[in-house]
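Only one structure is covered here, and it is reproduced in the block below.
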Amino acid sequence: MGMADQTEVIGRLEDVVSTAEDFDRVVAQALPTLLERTRYSMRRFLRDTGQWSEDTAHEKFILRWSAEYLERFMLSGRNEVPCRPLYLLDAFVAKLHSRPEPFCYHPELLTPLGRFIDGLVARAVVSRDALIALYHHCYGMSPRDVIAVTGLSESESQRIYKNFRRWRESGWQRTMEMIGMTDAELEELAAEQKRHHQQFTHEAERVIRFAQDHYRKSEPDYYPCLSRPEWEAMFSEAYGHDYRLWHLVLCMDCVQKTWGLGPKRMPIVEKPRLEIRVRP
Amino acid sequence: MEQDKDLAAYCARVLGMLNMNTSRSLRSPSDVIHVFINERRVGTLNGREAESSLQFQRQGCVDHIQLRSEEGALIGSLSAPECGFRATRLSLPEGTVELRIRNTAEGGSASALFTPAPRRWSEFLRSMAESVQTMAVRPVADGTAHGMRMVVVLQVLLAVIVLGLAADRIMSRLTPDGAPQVATQTEVAKLEQQLGDLARMQAKAVESIQLQQQGMVRLQLEIAKLSSSQRAIGAGMQAARQTLGHVEEVGRQDAAQSSGIVMSRASTDQRQLKDEIRNLTVENARLSKEMAELAEQNQDLEKMLKSARPEVSKATVTDQDNSMLIQQPDHEPATSMSPRAEVRNNTQPLLFWVNFSEGTTQESIDQWVHDMQGHMVAVNGGWQEVEVTQPSMPTDRFLEQVRGAKIVKAVRVDQ
């Protein structure tokens, strides 16, 4: 985009838009500019908080989060008309950054393995398909294993199969694209796992805890870890399905603690242990 | 260079996905719509139900609501100011979702109401067919199953009648004779009437089934609400258990801490008490020693008193001598408490001069003199001479007491 075009786009974004349709049109035409502006804000935020480094991993990180922000802005901003989209975006990003821990940042999550795990867990926060698929990617479980481990009822278990199917069809691919994992990186991850399995798993276990600790707080009331008798009560009294589904996949300690609490008629599943699966 | 290319490719991909997500999220149908408030999942709306709603309240303000599909695609979003009301209506393929946020100083509340789009006749038939199929596969509630069976039977019957009627018409057209055609027309009229009755019955049956379906939907809604509240209660119970455990732990720690404080205080008090007892013992010993010395001194004084009595009797002869004796203490050294002076003070009347404070009434002076068991003698230049016959204490102490009286300004014993 030339300088003149850029100036014109910014000029349009600075003007007042009066209807939601106008907002959609103006924003859709200026997506690259808005993405660049959000990247700039994020880069400055990371610099100010001493978390920035000049490398591709950091650039990818802010691109991913800028896209997240922009997607939210595009849908919520249309309810704010009349407004000036450029300044509304600035306010929107500033508001997000004013919160504690606005996103999950840890230097170790910027490696290919870290990005892979962080991307999956971050997606699980907003997508039930990704949440259920996390049982497969972290513990190598099948839908039946998930149902057994979480002790779901028959009516609930049907959705698990659907979640798995959708994830295999499109969810995984879209998530990998979103977090910027290239095919080469995925191949390299799989090869590394094959070559140094124990070291790879050990590294994954260390990294996954950073992501789990951060994203588990996104659940309402922040479902805390429970003792085995408390889990036992929840399983036997058949409540807290969301609690189980959400918490167990995001807590390595609890998923092992609750092993064997599912209904007796369920097939016996091996005690869950971390077993990263790169492909769905 | 390769990294730059990789980054540029990623950037282009992200932009493409942003464009795609916006259009996809508005197009893609979703059975379950997940509701997020302030980035936290709070519940779901069922896109297959007749109507589905979700209410949420929190102590802080509700910043925004987001709707996401099961795949995680952002379907809609609404932000709200810290104080005030905001609402919007989102159109989805399955229907509309009405979002509302209300923030006040006391807290925020939000609601999401899903209303399905009106179904077309074909969709209705499809759903009916699905229902029949489902009924054949798995058992459903007795009332609904009975109604559905009735509809199926009626539809089959209707189809048979229509086919029969059509065949009859064809046959009648093929017959050349006119008389049977009249008879056939009568039968046709009867059949048409029966057909009308059947159609009405079918309409009624369909209506009753619709009512039953609505009832079922309401029932499912209630069940969903109940299960939701059960989940909430469960979560609350867990939280309460956790809190209780924490409180017990804190209580134990507090108790241990407070008992430690009490114990340390008690030991400190005990130490202080021991010190005091030790001090008292030392003091007691000192006092006993002093008492012994005083008793010894007392014995000496008694001996001296016995030896001084003859001299005292000689000395009490004249009034002049008395006045002289009274005037002596000023000139005597501080050790005026000699046995001799004591004896004199206890036996001779005491004369002294008093200067009263300004504004003292005569009544107060008289009363004061009376209280001392004395009497006034003379007045000279503002000084009042007072005589006390027998002071109840040694002269010095007596005069000190006189000086201490409120109405007394100054005292002297000389002229």
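The values are calculated or read from the model by the stated rules, or taken from the named source; none is laboratory data. Everything numeric in this text was worked out from a predicted model, so none of it was measured. All Cβ positions, glycine included, derive from the backbone under ideal geometry; neighbour counts span all protein chains shown.
Quick notes
- Residue list for segment B:365-394, filter: among the polar types (S, T, N, Q), within 16 Å of B:I407 (Cβ to Cβ) and either surrounded by fewer than 15 Cβ atoms within 10 Å (Cβ to Cβ) or touching a Pro at 6+ places or on another chain (Cβ under 8 Å) (or both): B:Q367
- Residue ID - nearest to the other protein chains (Cβ to nearest Cβ), chosen from residues in segment A:1-42 that are surrounded by fewer than 19 Cβ atoms within 10 Å (Cβ to Cβ), outside any helix (DSSP H, G or I) and aliphatic (A, V, I, L, M): A:M1
- Across segment B:39-46, not a single residue is classified as farther than 24 Å from B:S227 by Cα and either at pLDDT 90 or above or at the interface with another protein chain (Cβ under 9 Å from one of its Cβ atoms) (or both).
- Tally of residues being loosely packed, with under 14 Cβ neighbours inside 10 Å and not hydroxyl-bearing (S, T, Y) across segment A:92-111: 6
- Of all the listed residues (A:S98, A:S76, A:S66), the sole one being more than 30 Å from A:D183 (Cα to Cα), at the interface with another protein chain (Cβ under 10 Å from one of its Cβ atoms) and among the small types (G, A, S) is A:S76.
- Criterion (on the phi < 0 side of the Ramachandran plot and not assigned by TED's automatic domain parsing to the domain that holds A:D24) met by exactly one of A:R115, A:R78, A:R84, A:R72: A:R115
- Residue satisfying all of: in segment B:49-86; more than 26 Å from A:R166 (Cβ to Cβ) and of a type in the set (D, E, K, R); surrounded by the fewest Cβ atoms within 10 Å (Cβ to Cβ) among these: B:E82
- Given (1) within 13 Å of chain B (Cβ to nearest Cβ); (2) of a type in the set (D, E); (3) under 17 Å from the mean Cα position of the chain (by Cα), number of the condition A:D118 does not satisfy: (1)
- Against the list (1) among the aromatic types (F, W, Y); (2) within 11 Å of chain B (Cβ to nearest Cβ); (3) in contact (Cβ under 8 Å) with a residue 40 or more places away in the chain, the condition A:F92 fails is (3).
- Number of residues in segment B:369-405 that are part of a strand (DSSP E or B) and either free of Cβ contacts under 8 Å to residues at least 24 places away in the same chain or farther than 18 Å from B:E358 by Cβ (or both) equals 10.
- Which listed residue is away from chain B (no Cβ under 14 Å) and under 19 Å from the mean Cα position of the chain (by Cα), from A:G140, A:G171: A:G140
- When restricted to residues that are crowded, with 22+ Cβ neighbours inside 10 Å and without any contact (Cβ under 8 Å) to a residue 40 or more places away in the chain, segment A:130-145 contains 0.
Condition check ((1) touching a strand residue (DSSP E or B) at 6+ places or on another chain (Cβ under 8 Å); (2) buried (at least 21 other Cβ atoms within 10 Å of the Cβ); (3) without any contact (Cβ under 8 Å) to a residue 12 or more places away in the chain) across all residues:
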residue	(1), (2), (3)
A:R128	yes, yes, no
A:S153	no, no, no
A:E169	no, no, yes
A:T182	no, no, yes
A:E205	no, no, no
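- Yes/no for A:R99 being basic (K, R), within 23 Å of B:R68 (Cα to Cα) and either within 21 Å of the chain's Cα centre (by Cα) or at pLDDT 90 or above (or both): yes
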